[in-house]
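Below is one structure; the comments refer to it alone.
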Amino acid sequence: MSGNFAEQTASGHLHVPSESKEPYPAEVLEQLAAEAELVVARYPQKRSALLPLLHLVQSVDGYITGRGIEFCAETLELTTAEVSGVATFYTQYKRHPNGEYTVGVCTNTLCAIMGGDQIWDEVSEHLGIGHDETTADGKITLERVECNAACDYAPVVMANWEFFDNQTPASTVELVDALRAGESVAPSRGPSRVCTFKQVSRVLAGFSDGLADEGVGAGPASLRGVEIARREGWTAPGGSDTTSTSASADAPGGVAQGAYGSVNAPANEPDEKPGGEDARSAEATKIADDDNKAEGE
């Protein structure tokens, strides 16, 4: 395993290798800035674009670099501490060089008892690496995953978040060997091939790879319950009666008590930061008004 890995302190601060802080080449920075502008334009507030921008950085660098953190901070007018706080919170953001393919073995309860634990043990031994470690050739990063969200196909392995269902130790060893050999590998469901980590990061940043509608997302096991319900004529309790949650004229914003809506709470104006100067000024005015009212009484 390579030693050029970042460290995360107990307080959550990110320490990345010094070489990862070297400036982007001019042509790379120009392209990155142009694509970042497209991402930011999708949001009424700049800071909301941080998650896809971090994925965009990964699509270029292969992980969250120091220069990537600085780029996001400058683009979104945030501090590097704010960007690092997000980069160290979500596991899809890699804080050290990641392999070309992230292979995640589910070892949560159902997958574990169906063979996930054995798959992990044998693949880990076969590759000579443990959790969140990368093979010396930089091809495979191995992860122990809590849940791949496909329990009906347990045990499940994912390669760059594409499903490989009903796996065995032998089939998973074949999978990682094929990926390391540069062979085109097709997942059990979804697109016709597994893309690289950088390519997938670009998709997560919001740039289509044209593969979204390939294959099927839900196989027979996932649809079995729906098929039985239709055959038996089963419907959800309450049917189409929605009177208990329908909007009431007496409810604030037209939303029934206990129900939720997307427009029943005030939103920030574009690029107005929560708790900013306007908010503090309004709060100060309210306090002063309350004090004047109390004195008048």
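Pick from the stretch 159-205 the residues that are polar (S, T, N, Q) and on the phi > 0 side of the Ramachandran plot: which of them is surrounded by the most Cβ atoms within 10 Å (Cβ to Cβ)?
If we take residues in the stretch 159-205 being polar (S, T, N, Q) and on the phi > 0 side of the Ramachandran plot, then Asn160 is surrounded by the most Cβ atoms within 10 Å (Cβ to Cβ).
Just one of Ser244, Ser208 is modelled with pLDDT under 80 and either out of contact with any helix residue (DSSP H, G or I) (no Cβ under 6 Å at 6 or more places or on another chain) or open to solvent by less than 50 Å² (accessible area, probe 1.4 Å) (or both); which is it? Don't jump to the end; show me each part of the working.
Working: Ser208 fails: modelled with pLDDT under 80.
After applying the criteria, what remains is Ser244.
Condition test on Glu143, is it open to solvent by 20 Å² or more (accessible area, probe 1.4 Å), among the acidic types (Asp, Glu) and either assigned to a strand (DSSP E or B) or in contact with a strand residue (DSSP E or B) (Cβ under 7 Å, 6 or more places away or on another chain) (or both)?
Working: open to solvent by 20 Å² or more (accessible area, probe 1.4 Å): yes; among the acidic types (Asp, Glu): yes; either assigned to a strand (DSSP E or B) or in contact with a strand residue (DSSP E or B) (Cβ under 7 Å, 6 or more places away or on another chain) (or both): yes.
Yes; evaluated as a whole, the condition is true for this residue.
Go through (1) part of a loop (DSSP other than H, G, I, E, B); (2) open to solvent by 20 Å² or more (accessible area, probe 1.4 Å); (3) free of Cβ contacts under 8 Å to residues at least 40 places away in the same chain for Arg95 and report which single condition fails.
Of everything listed in (1) part of a loop (DSSP other than H, G, I, E, B); (2) open to solvent by 20 Å² or more (accessible area, probe 1.4 Å); (3) free of Cβ contacts under 8 Å to residues at least 40 places away in the same chain, Arg95 misses just condition (3).
Quick test of your reading of the structure: Ala112 fulfils all but one of (1) among the small types (Gly, Ala, Ser); (2) over 20 Å from Asp177 (Cα atoms); (3) open to solvent by less than 10 Å² (accessible area, probe 1.4 Å). Name the failing condition by number.
With (1) among the small types (Gly, Ala, Ser); (2) over 20 Å from Asp177 (Cα atoms); (3) open to solvent by less than 10 Å² (accessible area, probe 1.4 Å) applied to Ala112, the lone miss is (3).
Could we say that Ala178 is part of a helix (DSSP H, G or I) and not β-branched (Val, Ile, Thr) here?
yes
When you scan the stretch 108-137, how many residues do you find that are assigned to a helix (DSSP H, G or I), over 25 Å from the mean Cα position of the chain (by Cα) and among the charged types (D, E, K, R)?
3
Test Ser59 against the criterion of being touching a Lys or Arg at 6+ places or on another chain (Cβ under 7 Å), assigned to a helix (DSSP H, G or I), at pLDDT 95 or above and not aliphatic (A, V, I, L, M), and give yes or no. Write out each step before concluding.
Working: touching a Lys or Arg at 6+ places or on another chain (Cβ under 7 Å): yes; assigned to a helix (DSSP H, G or I): yes; at pLDDT 95 or above: yes; not aliphatic (A, V, I, L, M): yes.
Here the answer is yes, as Ser59 does meet what is asked.
The values are calculated or read from the model by the stated rules, or taken from the named source; none is laboratory data. Nothing here was measured: the structure is a model prediction, and the numbers come from that model. Methodologically, a virtual Cβ is constructed for each residue, glycine included, from the backbone with ideal geometry; neighbour enumeration extends over all protein chains shown. Just so you know, the surface numbers come from the protein's heavy atoms only, side chains and all, with ligands and any DNA or RNA stripped out. Shrake-Rupley method; radii C 1.70, N 1.55, O 1.52, S 1.80 Å.
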